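Enquirer: Below you will find the structure I want to go over with you.
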Amino acid sequence: MVQVIPVNTNSDPVADEISATKLISGEKATQLWHTFSDASDRFHVGHWGSEECEIDVSYSESELCVIVEGRVSLTSKDGAVAEFKAGDAFVIPSGFEGTWKSIGTVKKIYASFE
């Protein structure tokens, strides 16, 4: 029987760190509440959180993000800036390169496909 899986933060998060080569400024510690991966291990869903930081990003996957706490600013390599706050949803397409800036404490729900 196929079960419906809630996406929540009821479990303990996995502590993670942003690599020194990707961290531009701020806190390197992040938290991950991984909820689901499909059988192909190409589709993933969960929560991610960070304190204030700026990260160099290069996406090989496409990712749906729903900001549940805080604000973020994404700047593409060509200088285009997109800003989002709690309640906003957006997609980062595969191939996006630029920076992710967490403004204060940030938590997001993500669904990514590679």
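What follows draws every value from the coordinates through simple rules; no lab data is involved. Note that this is a predicted model, so its numbers are computed, not measured.
Enquirer: Between VAL14, VAL68, VAL57, which gets the highest mean-square fluctuation from a Gaussian network model of the chain, Cα cutoff 10 Å?
Expert: Between VAL14, VAL68, VAL57, it is VAL14 that shows the largest mean-square fluctuation.
Enquirer: Could you work out how much longer the chain between PHE36 and LEU64 gets when fully extended? Use 0.36 nm per residue separation minus the Cα distance between them, nm to one decimal. Numbers along the way, then the final one.
Expert: Values: separation 28, 0.36 × 28 = 10.08 nm, distance 1.43 nm.
Taking PHE36 through LEU64 to full extension adds about 8.6 nm, to one decimal.
Enquirer: Which residue fluctuates the most in the chain, going by a Gaussian network model with Cα springs under 10 Å, if the choices are THR99, THR30, THR21?
Expert: Checking each option, the largest mean-square fluctuation is seen for THR21.
Enquirer: Let me check the size of the chain from its C-alpha atoms; what are the radius of gyration and Dmax in Å?
Expert: Rg then Dmax for the chain, in Å: 14.0, 48.
Enquirer: Using a Gaussian network for the chain with springs between C-alpha atoms less than 10 Å apart, which of these wobbles most: GLU17, GLU97, GLU61?
Expert: GLU17
Enquirer: How much length is gained on full extension from SER11 to SER73, taking 0.36 nm per residue of separation minus their Cα-Cα distance? Intermediate results must be reported in sequence, preceding the final value.
Expert: Details: separation 62, 0.36 × 62 = 22.32 nm, distance 2.78 nm.
Going from the current span to full extension adds 19.5 nm.
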